[in-house]
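First the structure, in the form of structure tokens, and then the observations on it.
Please treat every number below as a calculation from the coordinates, not as lab data. Since this is a predicted model, take the numbers as computed values, not measurements. All Cβ positions, even for glycine, are placed from backbone atoms using ideal geometry, and neighbour counts span all protein chains on display.
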Amino acid sequence: MAHRKSDIVTWSPTFSVGIKIIDEQHKGLLDLVNDMFNHVSENKDAERAYFKSVIQQAIQYVKVHFSTEEKIMLHTKFPGYAEHKKAHDTFVLAVVENVRNYEAGKRLTLNDFTRFLKEWVLTHIAIMDKQYFDYLKHIAHRREDGKLHINKQDVEEAEIHQKSVS
């Protein structure tokens, strides 16, 4: 990634969902947004060349991240999984559409695309990801070392509780 001139967004502990791998992936997404922002210039040819070189990497990164989150949700029987998965799928479709528009030279700039990514990622982390983290905190138990841990019994008890309140 290029040397940063400035950041459009900076990681903050308020974005943390408390799961190390997810937080690291979120930081990586914000780094990618910042890198894209730093390639916004008056030189549209340079922007287009940069975009072509980075977009597939960005899409792959997002797919890996979504897959990681979805596996955690399925494994822990998170009741909001379907809604969360739908948000992921809708985002991927929106990215694909934005990429097509950008590559076709339609009224989308690298700056617009970067801001779209920033807003979506931050909103998604702040609202949807916090929901499954709150759920995980609720079903977890604390080990002797003080760390939260989720085992099969925790998941089963949460599932029984969900059925009783439904």
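Before moving on, here are some points about what is shown:
- Among Leu136, Leu122, Leu74, the largest mean-square fluctuation in a Gaussian network model of the chain (Cα springs under 10 Å) belongs to Leu74.
- Helix 44-75 axis versus longest C-alpha principal axis of the chain: approximately 10°, rounded to the nearest ten.
- When P(r) over Cα pairs in 10 Å bins from 0, in percent is calculated for this entry, the matching label among (i) 11, 40, 37, 12, 0; (ii) 10, 28, 26, 21, 11, 2, 0; (iii) 9, 35, 29, 16, 8, 2 is (iii).
- Pairs with C-alpha atoms separated by more than 20 Å, drawn from the list Lys71/Lys152; Lys20/Lys137; Lys27/Lys130; Lys27/Lys52; Lys63/Lys85, are Lys27/Lys52.
- Compared with the direct C-alpha span, the chain from Lys52 to Thr90 gains 11.5 nm at full extension, assuming 0.36 nm per residue.
- Note on the stretch 18-165: with charges restricted to the Cβ of Lys and Arg (+1) and Asp and Glu (-1), its dipole about the Cα centre is near 180 debye.
- Taking the charge dipole of the stretch 18-165 about its Cα centre, with +1 at Lys and Arg Cβ atoms and -1 at Asp and Glu Cβ atoms, the residue from Gln56, Gly18, Asn101 reaching farthest to the positive side is Asn101.
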